[in-house]
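Worksheet for the structure shown next.
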Amino acid sequence: MERLRKIIPGVIDSTLNSYTQVFFSNNRVFAVILLAVSFLDFYAGLGGLLAILVSNTTSYLIGFNRHNIRMGYYGFNSLLVGLGLGIYYAPGAEFFLILLFTSVFTLFVTIMFEGIIGKYGLPYLSLSFLIGIWVVTLASREFSALSISERGLFVPNELYGFGGPMVISIYNWFNSLPWYESVLIYFRSLGAILFQYNLFAGILIAIGILIYSRISFLLSLIGFFFAYLFYQYVGGNIYELSYSYIGFNFILTSIAIGGFYNIPSKYSFLWVILITPLISITITSTMAVLALFQLSIFSLPFNIIVLLFMYILKFRERNYRNPEIVIHQQFSPEKNLYSHINNLERYADLKYIPVSLPFWGEWTVTQAHNGEFTHKEGWAHAWDFEIKDDNLQTFKNNGNLVEDYYCFNKPIIAPADGIIREIIDWVDDNEIGDMNLEQNWGNTIIVKHDEKLYSKLSHLKKNSAKVKIGEHVKKGDILGYVGNSGRSPEPHLHFQMQETPFIGSKTLDYPIGHYMLKGENKFDLKFYQKPLKGDLVSNIEKDLNLSKAFHFVPGQTLKFSVLQGNDTERKTVLWEVQSDMYNNTWIYCKDSRSKAWFKNDGNLHYFTHFEGNQKSLLFYFYLGAYKVTGGFYKNLVINDKLPVHVLNKRGLIFLQDFIAPFYIFINNHFRLEFLKRKSSITDSSISFASSVAVKNGNNLNRQLNFEFEIESKHIKRFTVIDGNRKINATEESTI
């Protein structure tokens, strides 16, 4: 019984997903619609369903990837073959026997194409369906026991037998409606994808596409009707669109190129229009060739054009976003687009290795990029740092001795992990006001962080180097101490990034990963920016209580006692921190089957993606702790943005979906503010508040507020306020 509970959900998922994979979807509602449409011809629907079950069962028994089976990757081609055979041949024992082995054959061809085409990072689409349907069509001409189906030749008679005069009258009324020719062909082309050559099937599928994706629906219209206009303009044969309604090639190609395999954008839509003539040419030419064998082209043009286009995109040397290929497929053009926009806003700078400031404490930038004295031309991208007191002085006493300067003999640290590539440690320190122009850079340490990425720290104290050439260092390791060597009239630290490992190399325009900027009575958290002259900056100073609370380790479990609204009974929610072989980490809630992916670089915790129930406690935690620093700074405000599709009203997001590739008018803002920290001999606690605001332009549509209390290195409690709804969660234990 327990085994059945595990198997049945997998069978249901793999079956339904096999239907929606035809349209690049995994939407359950759409799957049910497609399943129903396939049974508008009962034996076609039965043939398709049996083909899926045979293919997926065979995949499971052989031992193919279970995730791929469940996603429907191994079933949708067999589904199409089963539908086609069910339409063309009369039911009987011979038919079902042929269906059985053809389904297995189609599966084998699918696996073959997965290996051959998949190694190039390309989809195998419906190529195995084409091979399967053509092979059985050619072979069946020698199978005398198979008979051609006569269903569909006398539709009124069949409908009368099914439902009597009432069904006939509805059928006649429906077909007598004043449809435009192009609209009729569009809907029937949609139905033809599932071998249902009738108007009603196409309308149901169009509704399903609209439910699944507004962008896909829009693309289906653009692709088909531009093709229709193209045929009209060039004097093409409209018969090609209506013959077996193979115009669906334009529809599927438009959805694939415009919104599924590429991020939906004005460029992807433009390519849909530009590629339409190529599909038309491919249809005409392949029809001529396959007519010699009395075979239909089915979806061959769609396969050729999509594979050709996606392959040539891999050879681009520039313009990678015109259009941009989807990296993480979410089976929704809208989700792909909204996540992509959010990732560009949040992670555009992740191409940089996060370099920290090379010191502890608060230092002032006394010369920045394009400086007044040095830092010119090829050496413009550098900083000079010194320590100033409350009177903005860099020294004590009269400042005549190097020891009078606050930064002299202070440790410098590795700004990132790396290997020591160069050390000069023998240059004497200058007296105040003097400079050594022969050894311009003075004592210097160069660290390699990556290919063509080095940091250089100069004007160090003589004989202060604590590392050796070739030594591996970690971020924060002490490298040496600030001195006054080289072209340095007074003690300071010169810091720059460069592409080569040589002293004297030109500088590289490179940002600091994240740092704190201190202003009047406040701190600002800066991400991948370049400090300016006069800025008082520091690395994030970790608060052990706070950083440990948000340091989630794979295998760790978190248990919360939750009280909602007016409920009198608390319920227990259990989360587990999980990871995969690629070191992706997430928090998983088994009860809600939800996942919240996150990153933590030691200084900053932030969530990257959520999947699952948006009414779960984990979803609220994902929103409230969307971005949290590992250090406490009173009144520090952190701002960020969430993906567009999170939290919005259905009506508003429905409208946004249609125009999203061209214009975004909805914004989701995250804000966090640290409130207070209480310290004692035995313990300490931190509180902060956060909020998520959903805005349409300047109009506030919805706001959620959160309160967190951190104690003893744990999230003691957090509160969610969503309108009139309030949720209190108290951590019971963490393991």
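The values are calculated or read from the model by the stated rules, or taken from the named source; none is laboratory data. Being a predicted model, the structure only gives us computed values, none of them experimental. Backbone-built Cβ (ideal geometry, glycine too); neighbour counts: all protein chains shown.
Taken as a whole, region 557-564 holds no residue that is assigned to a loop (DSSP other than H, G, I, E, B), touching a strand residue (DSSP E or B) at 6+ places or on another chain (Cβ under 9 Å) and either crowded, with 16+ Cβ neighbours inside 10 Å or not assigned by TED's automatic domain parsing to the domain that holds G519 (or both). Residue check: K713 meets all listed conditions (1) out of contact with any strand residue (DSSP E or B) (no Cβ under 7 Å at 6 or more places or on another chain); (2) at negative phi; (3) modelled with pLDDT of 85 or more but one, namely (2). For region 267-282, the criterion of a residue being surrounded by 19 or more Cβ atoms within 10 Å (Cβ to Cβ) and under 20 Å from the mean Cα position of the chain (by Cα) is satisfied by at least one position. Residues of region 593-614 that are out of contact with any Lys or Arg (no Cβ under 8 Å at 6 or more places or on another chain) and hydroxyl-bearing (S, T, Y): S594 alone. Would you confirm, using the coordinates I've provided, whether L100 is assigned to a helix (DSSP H, G or I) and surrounded by fewer than 19 Cβ atoms within 10 Å (Cβ to Cβ)? Taking the combined requirement at face value, the residue satisfies it. Identification of strands (runs of 3 or more DSSP E) wholly contained in region 602-646 with 2 or more residues that are aliphatic (A, V, I, L, M), surrounded by 18 or more Cβ atoms within 10 Å (Cβ to Cβ) and in contact (Cβ under 8 Å) with a residue 12 or more places away in the chain yields 637-642. Checking F64, F143, F129 one by one, the residue that is aromatic (F, W, Y) and either touching a Leu at 6+ places or on another chain (Cβ under 6 Å) or not in a loop (DSSP other than H, G, I, E, B) (or both) is F129 and no other.
Residue selection: I193 fails the criterion of being within 33 Å of the chain's Cα centre (by Cα), surrounded by fewer than 24 Cβ atoms within 10 Å (Cβ to Cβ) and either in the same structural domain as F654 (by TED's automatic domain parsing) or modelled with pLDDT of 90 or more (or both). Do you know which residues across region 369-397 are in a loop (DSSP other than H, G, I, E, B) and within 36 Å of the chain's Cα centre (by Cα)? Selection gives H369, H381.
Screening C589 on (1) buried (at least 18 other Cβ atoms within 10 Å of the Cβ); (2) within 19 Å of H714 (Cβ to Cβ); (3) in contact (Cβ under 8 Å) with a residue 40 or more places away in the chain shows it passes everything except condition (3). Residues that are among the hydrophobic types (A, V, I, L, M, F, W, C) and part of a loop (DSSP other than H, G, I, E, B) were ranked within region 416-465; the one that is surrounded by the fewest Cβ atoms within 10 Å (Cβ to Cβ) is L437.
Just one residue in the set V22, V29, V81 is in a helix (DSSP H, G or I), more than 26 Å from N303 (Cβ to Cβ), in contact (Cβ under 8 Å) with a residue 12 or more places away in the chain and of a type in the set (V, I, T); that residue is V29.
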